[in-house]
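In what follows, a structure is listed as structure tokens, so that the remarks can point back to it.
Just so you know, all these numbers are worked out from the coordinates, no wet-lab data involved. Model, not experiment: these values are computed from the prediction. Cβ: placed from backbone, ideal geometry, glycine included. Neighbour counts: every protein chain shown.
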Amino acid sequence: MIGQIRIGKLSLDLELRDAFIHGRPARLSEKEFSLLLHLAARLGEVLAPELLFEQVWGFDAELGPRTLDVTIRRIRCKIELDPDQPRYLQTAEGGYVVVVPADDTG
């Protein structure tokens, strides 16, 4: 379907600017959606925090270094069954990555 990115049971609706997990809306903020979209568009690729910060926030000098970490945590709380054991939005050496869990067939 045009306007949608599917990652197993997680989907991003580009028109509604929200994610859906198991068909339920995640109710992401605009910034959360933008960050998740950047990661999902490069599925399986580890993206460095500096790159994500530049692409999503544009290096806003007023933002602290924890802004990205806090936003990642908020997204995980909305799309993961267990935010402390993320299956879709993972931390990897060198940054963050969105993956399709091996046991998640869409």
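Data overview
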{"item": "Per-residue ³J(HN,Hα) for the stretch 41-46, Karplus 6.51 cos²θ - 1.76 cosθ + 1.60, θ = phi - 60°, Hz, x for Gly and Pro", "result": "5, 10, 3, x, 9, 6"}
{"item": "HN-Hα J in Hz across the stretch 85-96 - Karplus 6.51, -1.76, 1.60, θ = phi - 60°, x for Gly and Pro", "result": "10, x, 9, 9, 9, 10, 8, 10, 4, x, x, 10"}
{"item": "Estimated distance in nm for a label pair at TRP57 and ARG6, the labels positioned 7 Å out from Cα along Cα-to-Cβ", "result": "3.5 nm"}
{"item": "Shape category assigned to the stretch 12-60 from the gyration tensor of Cα positions, a/c cut at 1.5", "result": "oblate"}
{"item": "Modelled FRET efficiency - R0 41 Å, VAL46 with ARG24, Cβ distances, 0.05 increments", "result": "0.90"}
{"item": "Nearest 10 degrees, 0 to 90: helix 67-79 Cα axis against the chain principal axis", "result": "10 degrees"}
{"item": "For the stretch 29-98: rounded, prolate or oblate by the Cα gyration tensor [a/c cutoff 1.5]", "result": "prolate"}
{"item": "Nearest-ten-degree value, helix 30-40 long axis tilted from longest Cα axis of the chain", "result": "70 degrees"}
